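I have placed the structure first, in the form of structure tokens, so that the comments after it can refer back to it.
The values are calculated or read from the model by the stated rules, or taken from the named source; none is laboratory data. As the structure is a prediction and not an experimental result, all values here were calculated from the model. Here the Cβ positions follow ideal geometry from the backbone for every residue, glycine too, while neighbour counts run over all protein chains shown. Surface areas here come from the heavy atoms of the whole protein model, side chains and all, with no ligands, DNA or RNA. Shrake-Rupley method; radii C 1.70, N 1.55, O 1.52, S 1.80 Å.
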Amino acid sequence: SSLAARRWVQMPARAQAFLCGMASNVEAPERWYLALLGFAEHFRTSSPPKIRLCVHCLQAVFQFKPPQRIEARTHLQLGSVLYHHTKNSELARSHLEKAWYISQQVPQFEDVKFEAASILSELFCQQNLVDSAKPLLRKAIQISQQTPYWHCRLLFQLAQLHTLEKDLVSACDLLGVGAEYARVVGSEYTRALFLLSKGMLLLMERKLGEVHPLLTLCGTIVENWQGNPIQKESLRVFFLVLQVTHYLDAGQVKSVKPCLKQLQQCIQTISTLHDDEILPSNPADLFHWLPKEHMCVLVYLVTVMHSMQAGYLEKAQKYTDKALMQLEKLKMLDCSPILSTFQVILLEHIIMCRLVTGHKATALQEVFLICCCCFFVYINVICNACKLHHGLYCISVNCMDNAEAQFTTALRLTTHQELWTYIVTNLASVYIREGNRHQEQSILLKRLNIDSHCLRAAAFYIRGLLSFFQGRYNEAKRFLRETLKMSNAEDLNRLTACSLVLLGHIFYVLGNHRESNNMVVPAMQLASKIPDMSVQLWSSALLKDLNKALGNTMDAHEAAQMHQNFSQQLLQDHIAACSLPEHNLISWTDGPPPVQIQAQNGPTTSLASLL
């Protein structure tokens with residue numbers, strides 16, 4: 001308290017007057033409390049925050065032997081400040097446990113009681129004491145049924161905890177309980193949030209039979225709900241994001257376009273709305289899915305996902321640049337983990353984009369950025385992304401042994417069915433290129449069990465490629481025509497281009513030059529539009545030989561010049577990528593990424609130095 005008195009002179013005069021005025025209007029025993037509380041808040045909100053002084057002021061409250069309400073609230077405030085602003089987790093836990101214990105003895109003290117339970121369970125999870133967090137949350141949920149806001153919030157928190165543990169069944173059950181509770185207390189808005197969250201988890205579990213009726217119900221609730229415009233539009237964004245990702249997960253790139261257009265229009269509407277500070281009349285409605293700035297990045301992200309699958313790579317790059325720029329601005333003010341997740345997913349997509357467009361050196365540096373995330377937060381999902389993209393990079397620079405090692409490691413790490421199928425498809429292409437792995441190819445292709453339209457079309461292409469290398473040309477044509485039929489149905493432009501050029505190659509080998517030309521010309525046009533450098537190189541080589549065989553000297557010369565240009569671009573990019581120190585990461589397959597990587601005749605690059 002003497003320290004607080006010495007600091008009184010540092011407080012702005014308006015704050016002193018405010019505190020004195022407040023203190024003069026209350027009972028004498030509480031004047032000291034308001035003064036100390038004011039000091040603590042002043043120090044907490046200073047720039048930079050003076051957390052030590054804030055804690056001293058709050059600790060001084062206990063010297064006055066306060067009543068239980070003030071004692072419990074002060075323990076909560078101390079626990080919250082220590083948890084959020086210091087590394088002293090044991091002291092924070094002690095204060096939060098006291099706040100939770102004392103507040104249960106005080107009638108009508110719900111805010112302190114349930115906030116203490118909520119923060120304490122977060123701290124338990126941070127300390128890997130999940131088995132302590134669960135019963136705490138369950139008890140808080142049990143005694144909070146007369147407090148709608150806290151009951152819903154605690155249900156969301158426990159559902160999130162189960163989700164992080166991969167116990168999606170328990171999480172879905174809790175979200176279902178929350179949806180029914182929200183309906184009973186008359187909150188259709190929060191009911192929709194619970195149901196949409198459940199739909200998201202059902203999509204993750206691939207329970208499509210339950211997803212469709214649930215999304216239909218959500219669509220009806222969202223359209224019928226009349227309330228705060230921003231809340232209504234945010235529900236629509238949540239609903240449409242689930243629909244779009246569901247279509248993209250199934251590889252239905254063309255079918256998703258109407259939903260994606262609605263989503264883009266919806267985010268434009270939200271960006272024009274002003275935040276309404278009027279609180280909802282129903283306390284159960286005091287939730288918001290995401291800040292609108294985060295929603296904007298998310299819509300950019302799903303647009304990038306669509307553009308990549310459809311083969312509109314310039315569009316994908318444009319929206320990735322916009323999203324990353326927005327993320328950099330947000331991360332200066334907001335340390336939310338979801339922003340880092342968005343950044344990793346965007347990097348994953350732009351890496352694939354650069355590998356296709358012939359910018360391997362840039363792609364490799366972006367893979368390295370994902371490795372940095374993996375180094376500082378060793379998460380299997382991020383590590384798996386590193387392995388996958390290293391494997392794709394290895395294919396692009398013709399390091400097939402390294403590609404095989406990266407994909408094999410990625411297979412061991414993943415539990416996601418679609419990702420597993422994608423990795424297997426790429427690993428099969430590696431075996432085909434190596435030419436002497438017939439048994440492994442056969443085993444891999446037999447294990448493919450594919451729901452996604454896009455991956456099914458890709459699997460037909462891989463089978464066609466294998467048949468081509470084995471000289472079974474009629475079988476290859478049959479597989480490739482199936483790929484063309486499927487890729488044309490859903491506007492999968494890159495698969496279409498690859499299938500056309502391979503068909504053209506087959507017809508050329510068979511001596512059917514006219515039919516070959518009919519395949520290769522549209523393949524070249526489509527590859528130029530994407531743009532896909534490898535398909536352009538392949539197509540230009542075929543066009544050179546085709547036109548020479550057909551006696552078209554000028555066209556043959558033009559195709560030869562194109563082939564030379566593409567070869568030079570790809571060779572220069574290949575040399576640039578292989579000379580980077582990051583290229584040595586193709587040998588990393590196990591454990592956390594190496595702290596330093598060394599070029600053969602170049603400087604050492606530290607992961608930490610690039611952050």
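Quick one: which of 492, 419, 413 is under 24 Å from residue 388 (Cα atoms), aliphatic (A, V, I, L, M), open to solvent by 30 Å² or more (accessible area, probe 1.4 Å) and in contact with a Cys (Cβ under 9 Å, 6 or more places away or on another chain)?
Exactly one of 492, 419, 413 is under 24 Å from residue 388 (Cα atoms), aliphatic (A, V, I, L, M), open to solvent by 30 Å² or more (accessible area, probe 1.4 Å) and in contact with a Cys (Cβ under 9 Å, 6 or more places away or on another chain), namely 413.
For the range 461-507: of the residues being of a type in the set (Asp, Glu) and in contact (Cβ under 8 Å) with a residue 40 or more places away in the chain, which is farthest from residue 537 (Cα to Cα)?
That would be 490.
Counting only residues that are β-branched (Val, Ile, Thr) and surrounded by 20 or more Cβ atoms within 10 Å (Cβ to Cβ), which one in the range 345-357 is farthest from the chain's Cα centre (by Cα)?
357
On the given criteria, is residue 34 farther than 27 Å from residue 335 by Cα and open to solvent by 10 Å² or more (accessible area, probe 1.4 Å)?
yes
Within the range 536-552, track down each residue that is modelled with pLDDT of 95 or more and either within 34 Å of the chain's Cα centre (by Cα) or open to solvent by 60 Å² or more (accessible area, probe 1.4 Å) (or both).
Selection gives 536, 537, 538.
With closer than 28 Å to residue 254 by Cα, modelled with pLDDT of 85 or more and either open to solvent by 30 Å² or more (accessible area, probe 1.4 Å) or among the basic types (Lys, Arg) (or both) as the only criterion, which of 322, 329, 360 stands out?
The unique qualifying residue is 322.
Residues checked against (1) in a loop (DSSP other than H, G, I, E, B); (2) within 30 Å of residue 144 (Cα to Cα); (3) of a type in the set (A, V, I, L, M):
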| site | (1), (2), (3) |
| --- | --- |
| 262 | no, no, no |
| 268 | no, no, no |
| 281 | yes, yes, no |
| 297 | no, no, yes |
| 306 | no, no, no |
| 309 | no, no, no |
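Restricting the search to the range 332-344, which residues are among the polar types (S, T, N, Q) and surrounded by fewer than 20 Cβ atoms within 10 Å (Cβ to Cβ)?
Matches in the range 332-344: 336, 340, 341.
Across the range 448-472, which residue is modelled with the lowest pLDDT among those that are exposed (fewer than 15 other Cβ atoms within 10 Å of the Cβ) and in contact with a helix residue (DSSP H, G or I) (Cβ under 8 Å, 6 or more places away or on another chain)?
449
Within the range 375-388, identify whether any single residue is at pLDDT 80 or above and not assigned by the TED database to the domain that holds residue 251, and answer yes or no.
Looking only at the range 375-388, we keep the residues that are at pLDDT 80 or above, and these are 388.
The next check asks that each one be not assigned by the TED database to the domain that holds residue 251; those that pass are 388.
Looking through the range 375-388, at least one residue is at pLDDT 80 or above and not assigned by the TED database to the domain that holds residue 251.
Which residues, counting only those in the range 516-532, are open to solvent by less than 20 Å² (accessible area, probe 1.4 Å) and in a helix (DSSP H, G or I)?
516, 520, 523, 524, 527
Please tell me if residue 341 is in the same structural domain as residue 232 (by the TED database), at pLDDT below 95 and not in a loop (DSSP other than H, G, I, E, B).
no
Does residue 198 meet the test of being under 19 Å from residue 119 (Cβ atoms), basic (Lys, Arg), at pLDDT 95 or above and part of a helix (DSSP H, G or I)? Lay out the reasoning, then the answer.
Details: under 19 Å from residue 119 (Cβ atoms): no; basic (Lys, Arg): yes; at pLDDT 95 or above: yes; part of a helix (DSSP H, G or I): yes.
Taking the combined requirement at face value, the residue does not satisfy it.
Looking at the structure I just gave you, is residue 432 closer than 19 Å to residue 400 by Cβ, modelled with pLDDT of 75 or more and not charged (D, E, K, R)?
Values: closer than 19 Å to residue 400 by Cβ: yes; modelled with pLDDT of 75 or more: yes; not charged (D, E, K, R): yes.
Yes, satisfied.
What are the residue pairs meeting all of these: first residue in the range 59-88, first residue under 16 Å from residue 112 (Cα atoms), second residue in a loop (DSSP other than H, G, I, E, B), Cβ atoms under 6 Å, and 6 or more apart or on different chains?
68/106; 69/106
Regarding residue 65, is this residue loosely packed, with under 14 Cβ neighbours inside 10 Å, over 36 Å from the mean Cα position of the chain (by Cα) and of a type in the set (Lys, Arg)?
Here the answer is yes, as residue 65 does meet what is asked.
Rundown of residues vs (1) free of Cβ contacts under 8 Å to residues at least 24 places away in the same chain; (2) open to solvent by 10 Å² or more (accessible area, probe 1.4 Å), yes/no style:
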| position | (1), (2) |
| --- | --- |
| 125 | no, yes |
| 131 | yes, yes |
| 154 | no, no |
| 165 | no, yes |
| 170 | yes, yes |
| 177 | yes, yes |
| 182 | no, no |
| 188 | no, yes |
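Quick one: which residue in 203, 193, 248 is without any contact (Cβ under 8 Å) to a residue 60 or more places away in the chain, open to solvent by less than 70 Å² (accessible area, probe 1.4 Å) and touching a helix residue (DSSP H, G or I) at 6+ places or on another chain (Cβ under 9 Å)?
Among 203, 193, 248, only 203 is without any contact (Cβ under 8 Å) to a residue 60 or more places away in the chain, open to solvent by less than 70 Å² (accessible area, probe 1.4 Å) and touching a helix residue (DSSP H, G or I) at 6+ places or on another chain (Cβ under 9 Å).
Mind checking which residues of the range 553-588 are of a type outside the set (Gly, Ala, Ser), at pLDDT below 90 and open to solvent by 40 Å² or more (accessible area, probe 1.4 Å)?
The one that is of a type outside the set (Gly, Ala, Ser), at pLDDT below 90 and open to solvent by 40 Å² or more (accessible area, probe 1.4 Å): 584.
Tell me, please, whether a residue that is in contact with a Pro (Cβ under 6 Å, 6 or more places away or on another chain) and in contact (Cβ under 8 Å) with a residue 12 or more places away in the chain can be found in the range 297-311.
No.
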